1. What number comes out for the charge environment of Arg120, summing +1 per Lys or Arg and -1 per Asp or Glu over other residues with Cβ under 14 Å away?
2. Taking the Cα centre of segment 272-418 as origin and charging only Cβ (+1 Lys, Arg; -1 Asp, Glu), how large is the dipole, in debye to the nearest 20?
3. Provide the per-residue ³J(HN,Hα) series for segment 280-296, in order, calculated from phi with Karplus coefficients 6.51, -1.76, 1.60 and θ = phi - 60°, each as a whole number of Hz, with x at glycine and proline positions.
4. With every protein chain left in place, what is the accessible area per residue of the chain in square angstrom, probe 1.4 Å?
5. About its Cα centre, what dipole magnitude does the chain give when the only charges are +1 on Lys and Arg Cβ and -1 on Asp and Glu Cβ, stated in debye to the nearest 20?
6. Starting at the first residue of segment 184-190, write each ³J(HN,Hα) from the Karplus equation 6.51 cos²θ - 1.76 cosθ + 1.60 with θ = phi - 60°, in whole Hz, x for Gly and Pro.
7. Where does the charge balance sit around Glu351 when Lys and Arg score +1, Asp and Glu -1, over other residues with C-beta under 11 Å from its C-beta?
8. What ³J(HN,Hα) values, in whole Hz, does the Karplus curve 6.51 cos²θ - 1.76 cosθ + 1.60 give for segment 339-351 when θ = phi - 60°, with x put for Gly and Pro?
Amino acid sequence: MSTAQQADATGSRPAHITDAVYFDFDMFKDPALLEDAHARVMDLRRNAPPIFWTPHNGGHWMLASHKAVYEASRDPETFSNGMMSREEMMKVMAAMPAGMPRIPQPVPIVLDPPEHGAFRAPLQATFSPKAMIALNSKIRALAIELIEAMKLKGTADFMKDVAEPMPVQVFLEMFGLPLERRDEYRRLVEAQMASLDRSQGDAAMRFRQVADVMHDTLVDRRDNPRDDIISLLWKTTIHGNPTTMEDMENFAVLLFIAGLDTVMNGMGHGVLHLARHPELQQQLRANPKLIPEAAEELLRRYTFTVPPRRVAKDTVFHGVEMKAGDRVMLFLPGADLDADEFPEPESFNLERENNVHIAFGVGPHRCLGSHLARIELQILYEELLGRLPEFRLAPGKTVNYHGGHVIGPNELWLTWEA
Ligand code: HEM
């Protein structure tokens, strides 16, 4: 029996789930995924149906082919981003302690068009490629500082020393938040990473904490605007109305969950590949102009986010019956390793004819931070390759992964001649 055909470990299944689409896969705890994430993704592409329903984590669909993910992402009328029904929201609120302050919502990712557009527009303006390029030299200075500090050690956990702190500091810089609060932010990121089952109650508490640590700065920039994103967002309007404190808290939690975890794990996947391929390090050191292309192919080869959806109305999708209310995961890692879209998907190939991956999603919710993420990743690879001699995985250390909505290595021990 292949790893892709394990026995069902959980309970019942709804009547509309046929044997043909039933498959046992726990996106949070699947042992093979936690051992070697993208080897397991390939295994699923080969051995699981392209669209399957798994009983784990409350039961949900997994869309794993490129075609299915692409189409569902562009059809918000059928596949909604509104994750909770009104009744579920009431239940979560009822479980909160009495007197609990308002829970911010990660807007606009939880909204569908047309409402979604009104809340995406202010962010779109602030996250323009031009605005992100202006951050370039600050991001490079941060990368250099972190890499030089790590370099002295000769052996280090790249995730702890660089991949985790770098996006946090970029976030503080971009938002004009005080650098002294760096540790508070890192602790929040750690809490987010640790809550693997991501229960609704935990997520709500974390959102409130993020809004709380930003509160004073939000108030200050409203009253004393500066040249930063918080001040800019205060100046935008939504439906013609000035931005409110609630809107600002919503944006803050969205950018926190969307920007910190993702970049960090993207760095982990990319640097792990480089550590395993000294010949690629050599090629990129000799020709750094290839780094942007390599960064894209690394994003495709190791696509790592799994955005959720909810079926908005009964539908038959690619011949599969789905019911309103069913939960769906867009398995982007599977889509970017689909042999029908990318021939020999497992090979890292800088010469690919089609390298248009969907690591940043597709459709109305396509990542707003992709320009920033690309800048962070490219600068990281440039400075790491430029400053460290050949690096490889530290002997005796194994790599294991966390699963869930953002898949990535937990630790990444590297070694080099110090
Ligand atoms: C390599 C790093 C990143 C990856 C792989 C990534 C991936 C994604 C994906 C797949 C989506 C679509 C989610 C969906 O369809 O529901 C998304 C949305 C989003 N991302 Fe990113 N992201 C990254 C970095 C960032 C950064 C650095 C920021 C900003 C600080 C950011 C901000 C956003 C926002 C605001 C959305 C929601 C857009 C909307 O709902 O209209 N992301 N991201």
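The values are calculated or read from the model by the stated rules, or taken from the named source; none is laboratory data. Predicted model, so just to flag it, every value in this text is computed and none were measured. Note that we place each Cβ from the backbone using ideal geometry, even for glycine, and neighbour counts take in every protein chain shown. Ligands, DNA and RNA are stripped out before the accessible areas are found, and what is left, the full protein with its side chains, is counted by its heavy atoms. Shrake-Rupley method; radii C 1.70, N 1.55, O 1.52, S 1.80 Å.
1. -2
2. Taking the Cα centre of segment 272-418 as origin, the dipole is about 540 debye.
3. Running phi through 6.51 cos²θ - 1.76 cosθ + 1.60 with θ = phi - 60° gives 6, 4, 4, 4, 6, 5, 6, 9, x, 5, 7, 4, x, 5, 5, 4, 5 Hz.
4. Values: 18410 Å² over 418 residues.
Computed with neighbouring chains in place, this is 44 Å² per residue.
5. Its charge dipole is roughly 520 debye.
6. Listing the rounded values in order: 4, 5, 5, 5, 5, 4, 4 Hz.
7. -2
8. 5, 5, 9, 10, x, 6, x, 6, 7, 7, 9, 6, 9
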